[in-house]
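S.K.: For reference, the structure I am asking about is given below.
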Ligand SMILES: [Zn+2]
Ligand SMILES: [Zn+2]
């Protein structure tokens, strides 16, 4: 049974979303949800969320429609922050494979046109890695949950990151990166194979650079959570030059309404994808298109926003 408070919130929430969630959201930005959930204590809010989620599932089942994606995910347990031999093996091994592909491409540069193609390919890889990580981040922030096949761990990790963003700064590098380098290593091995078979210079340069930058994005992300005083001078210089995502740019993603500035490589694509406002962004258009075509709505449309709010770091808690 729902408590009175839960019934009131559910009724209010559903009423405010009529006639369709897609159009109503445009009129009611997510920050309204933040204000609505700020009042209850954490314990109460969690049980309230579970009641609301159960009730929504019942209503969805009764209406014969697919249930909305659940917002509850399996959060990280005790974080193991140290790099192990296995973590290092995946990161160094994957990097070696990508470097070998890049070297193969560069070894076949024979003239100005090849050199220009290699330079353009590297630049394109830098930009497209920014775009690719932005869409991936948007996807895991908004769709599926901790039980989703293949991506469940990433989805849970990203949501856990929103609650405890300091953890990423405490991870050792290979611990932070191996979840990306491990699957990428298999692609890297395939790319090295295509390089050995005589792939064009631009493909060797583009594919190896793109894959490496996508893998490294999680480290660029970690650096964007650190203070300048904690970073090597070269990283600060790259951030200041706009070549790596900055603390200020990424910090905006961790503030309500949590649905902009998804990129975690350079931030170059953020203005293009975010548009003038979250309600008219490329992400919102995609969310509406996916909802219309498959009936799958992003977590952000319904997720109680306290689960995205940053918790207090334990050692600084009162
Ligand atoms: Zn996020
Ligand atoms: Zn972050």
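The values are calculated or read from the model by the stated rules, or taken from the named source; none is laboratory data. Here the structure is a predicted model, which is why all the values come from computation and not from measurement. Ideal geometry is used to build each Cβ from the backbone, glycine not excepted, and the neighbour counts take in all protein chains shown.
S.K.: Could you tell me whether any residue of segment 154-165 is closer than 19 Å to residue 216 by Cα, in contact with a helix residue (DSSP H, G or I) (Cβ under 9 Å, 6 or more places away or on another chain), away from ligand 1 (no atom under 13 Å from the Cβ) and assigned by TED's automatic domain parsing to the domain that holds residue 261?
M.R.: No, there is no match, as no residue in segment 154-165 is closer than 19 Å to residue 216 by Cα, in contact with a helix residue (DSSP H, G or I) (Cβ under 9 Å, 6 or more places away or on another chain), away from ligand 1 (no atom under 13 Å from the Cβ) and assigned by TED's automatic domain parsing to the domain that holds residue 261.
S.K.: Does residue 131 qualify as being modelled with pLDDT of 95 or more, closer than 25 Å to residue 257 by Cα and in the same structural domain as residue 258 (by TED's automatic domain parsing)?
M.R.: yes
S.K.: If we keep just the residues of segment 261-296 that are assigned to a loop (DSSP other than H, G, I, E, B) and at pLDDT below 90, which is surrounded by the most Cβ atoms within 10 Å (Cβ to Cβ)?
M.R.: Taking the candidates together, the pick is 277.
S.K.: Take the conditions within 20 Å of residue 174 (Cα to Cα) and touching a residue at least 40 places away in the same chain (Cβ under 8 Å) and apply them to residue 234. Does it pass?
M.R.: No, not satisfied.
So that you can scan it fast, the table gives a plain yes or no per residue for (1) touching a residue at least 60 places away in the same chain (Cβ under 8 Å); (2) surrounded by fewer than 17 Cβ atoms within 10 Å (Cβ to Cβ):
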position: 132; (1), (2): yes, no
position: 137; (1), (2): yes, no
position: 140; (1), (2): no, no
position: 143; (1), (2): yes, no
position: 152; (1), (2): yes, yes
position: 155; (1), (2): yes, no
position: 165; (1), (2): yes, no
position: 171; (1), (2): yes, no
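S.K.: How about segment 229-259: which of its residues are away from ligand 2 (no atom under 13 Å from the Cβ), crowded, with 18+ Cβ neighbours inside 10 Å and closer than 14 Å to residue 141 by Cβ?
M.R.: 259
S.K.: Being closer than 30 Å to residue 198 by Cβ, under 17 Å from the mean Cα position of the chain (by Cα) and within 16 Å of ligand 1 (Cβ to nearest atom) narrows it down to one residue among 132, 144, 139; which is it?
M.R.: None of the other options fit; the residue is 132.
S.K.: It is to be established whether one or more residues within segment 80-89 are over 11 Å from residue 174 (Cα atoms) and at pLDDT below 95.
M.R.: Yes: segment 80-89 contains one or more residues that are over 11 Å from residue 174 (Cα atoms) and at pLDDT below 95.
S.K.: In segment 125-147, is there at least one residue being over 24 Å from residue 283 (Cβ atoms) and part of a loop (DSSP other than H, G, I, E, B)?
M.R.: no
S.K.: Just checking, does segment 95-109 include any residue being within 16 Å of ligand 2 (Cβ to nearest atom) and either buried (at least 16 other Cβ atoms within 10 Å of the Cβ) or more than 21 Å from residue 185 (Cα to Cα) (or both)?
M.R.: no
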